[in-house]
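Written below as structure tokens is the structure these notes are about.
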Amino acid sequence: MSRAVLLVNLGSPDSTAVQDVRRYLNQFLMDPCVIDLPWPLRRILVSAFVLPTRPAKSAEAYASVWRPEGSPLKVISQQLTDEVNDRTPLPVALAMRYGNPSMEQELLKLSALEGIEEILLMPLYPHYAMSSVKTCILEAERVITVHNLPQKLIVHPVFYKDPDYIRCLVDSAQPQLNELKNGQWDHLLFSYHGVPERHIRKDDSTGQHCLSENCCNRPSKAHATCYRHQVFATTRAFVQEAELPDNCWSLAFQSRLGRAKWLEPATDQTIRELAQKGVKRLLVICPAFTVDCLETLEEIGIRAKEDFIAHGGEELRLIPCLNATPQWAETLVRWLETCQPA
């Protein structure tokens, strides 16, 4: 068998202990694809302004969603990997971009398997962004170069508008969508992870298209690496597949960090405004994530829910991510077995 597969997700601390969270945050935030400042400035920012206080707060957040088996992101990602392995003869491993198991150790293990000629890298992110897909590719290339691995690296393309992905997403949310159409819920909010606008401009291959007037609706090669365009495309495809009326949904961006200008509108502000406008029962779906994690379970499922109720809402329900559902695992297997080099 000539192909091995590495599934990659973001990662999480080894435990909810403050020292483990600090170690994880340091690795994550010192990645220039996450905080894209020169190394000295990035080091000062992270060491002086983030690591003194943020780890303790983040540890509390992780503890609120931690499972007996460990981090929800890692536990569910492993369940998905097991489901995929059960359905394909290809050797499939799981790695985390930050934390453990590391991409380096898993790539070395796959490379050591007999007869492997190529490694297919599958970042579990639907949309391209510097801080997700790009950093995974750069790390895989680094490991292969440093260790002089003989295998060819193939990267699975982003799948933000792939019909199979959209179908999985809609099918997984169908019970809640049926309730929405029947009037049991007032509104559906698509909440995507945010990115700084600076990242959008840096990834613009044309140097001038992204964030210009009506840019996401005008054809451009920049769309291949434009996170903003791609999340809009996912939303349109979802709405069309689910046959949702235009007046029952909206879109926002969560998880802002720092003072730079990020994509808008912000999820926290949008949720407050919806409550103040009379929305009482709110559904939230997070299609930027394929596996539930801190950003979905705690940021939306706990904090956003409390905020929504505090501003006049009555109930907020988080629609689960695709996680390890059989339909999603079967879709991944088809992609992994048929993906060809670009």
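See the values below:
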{"quantity": "Unique match (being closer than 21 Å to Pro341 by Cα, among the charged types (D, E, K, R) and touching a residue at least 40 places away in the same chain (Cβ under 8 Å)) among Lys74, Lys134", "calculated": "Lys134"}
{"quantity": "Qualifying residue in region 98-113 (condition: touching a Pro at 6+ places or on another chain (Cβ under 7 Å) and surrounded by fewer than 15 Cβ atoms within 10 Å (Cβ to Cβ))", "calculated": "yes"}
{"quantity": "Those residues of region 298-318 which are surrounded by fewer than 23 Cβ atoms within 10 Å (Cβ to Cβ) and hydrophobic (A, V, I, L, M, F, W, C), in sequence order", "calculated": "Ile302, Ile309, Ala310, Leu318"}
{"quantity": "Residues of region 141-175 that turn out to be among the aliphatic types (A, V, I, L, M) and part of a loop (DSSP other than H, G, I, E, B), as a count", "calculated": "2"}
{"quantity": "Residue in region 197-211 that is in the same structural domain as Ile302 (by TED's automatic domain parsing), closer than 23 Å to Leu294 by Cβ and modelled with pLDDT of 95 or more present", "calculated": "yes"}
{"quantity": "Residue count, region 133-147 (criterion: within 13 Å of Leu7 (Cα to Cα) and under 17 Å from the mean Cα position of the chain (by Cα))", "calculated": "3"}
{"quantity": "Condition check for Phe253: among the hydrophobic types (A, V, I, L, M, F, W, C), out of contact with any strand residue (DSSP E or B) (no Cβ under 6 Å at 6 or more places or on another chain), assigned by TED's automatic domain parsing to the domain that holds Cys216 and outside any helix (DSSP H, G or I)", "calculated": "no"}
{"quantity": "Options His156, His209: the member that is in contact with a strand residue (DSSP E or B) (Cβ under 7 Å, 6 or more places away or on another chain), farther than 23 Å from Leu29 by Cα, of a type outside the set (Phe, Trp, Tyr) and crowded, with 17+ Cβ neighbours inside 10 Å", "calculated": "His156"}
{"quantity": "Filtered residue count, region 324-342, keeping only those that are outside any helix (DSSP H, G or I) and farther than 21 Å from Leu73 by Cβ", "calculated": "4"}
{"quantity": "Val5 vs. criteria hydrophobic (A, V, I, L, M, F, W, C) and touching a strand residue (DSSP E or B) at 6+ places or on another chain (Cβ under 7 Å)", "calculated": "yes"}
{"quantity": "Qualifying position, being modelled with pLDDT under 95 and touching a Phe, Trp or Tyr at 6+ places or on another chain (Cβ under 9 Å), among Arg317, Arg281, Arg256, Arg272", "calculated": "Arg256"}
{"quantity": "Residue that is assigned by TED's automatic domain parsing to the domain that holds Val34, under 22 Å from Met30 (Cα atoms) and not in a loop (DSSP other than H, G, I, E, B), where the choices are Leu138, Leu120, Leu94", "calculated": "Leu138"}
{"quantity": "Pair list, Cβ < 6 Å and 6+ apart or interchain, from region 29-48 residues that are modelled with pLDDT of 95 or more to residues that are basic (Lys, Arg) and outside any helix (DSSP H, G or I)", "calculated": "none"}
{"quantity": "Qualifying residue in region 71-87 (condition: assigned to a loop (DSSP other than H, G, I, E, B), on the phi < 0 side of the Ramachandran plot, surrounded by fewer than 17 Cβ atoms within 10 Å (Cβ to Cβ) and touching a His at 6+ places or on another chain (Cβ under 9 Å))", "calculated": "no"}
{"quantity": "Where Pro341 falls short, out of the listed (1) surrounded by 21 or more Cβ atoms within 10 Å (Cβ to Cβ); (2) under 30 Å from Met122 (Cβ atoms)", "calculated": "(1)"}
{"quantity": "Qualifying residue in region 219-232 (condition: surrounded by fewer than 22 Cβ atoms within 10 Å (Cβ to Cβ), modelled with pLDDT of 95 or more and in a strand (DSSP E or B))", "calculated": "no"}
{"quantity": "Any hit, region 198-206, residues being over 30 Å from Ala275 (Cα atoms), out of contact with any Gly (no Cβ under 7 Å at 6 or more places or on another chain), of a type in the set (S, T, N, Q) and in contact (Cβ under 8 Å) with a residue 60 or more places away in the chain", "calculated": "no"}
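To keep it simple, each residue is scored yes or no on (1) touching a Cys at 6+ places or on another chain (Cβ under 7 Å); (2) assigned to a strand (DSSP E or B); (3) of a type in the set (A, V, I, L, M, F, W, C).
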residue: Gln269; (1), (2), (3): no, no, no
residue: Glu273; (1), (2), (3): no, no, no
residue: Leu282; (1), (2), (3): no, yes, yes
residue: Lys305; (1), (2), (3): no, no, no
residue: Phe308; (1), (2), (3): no, no, yes
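The values are calculated or read from the model by the stated rules, or taken from the named source; none is laboratory data. Because the structure is predicted, anything quoted here is derived from the model rather than measured. Here the Cβ is made from the backbone with ideal geometry for all residues, glycine too, and neighbour counts use every protein chain on show.
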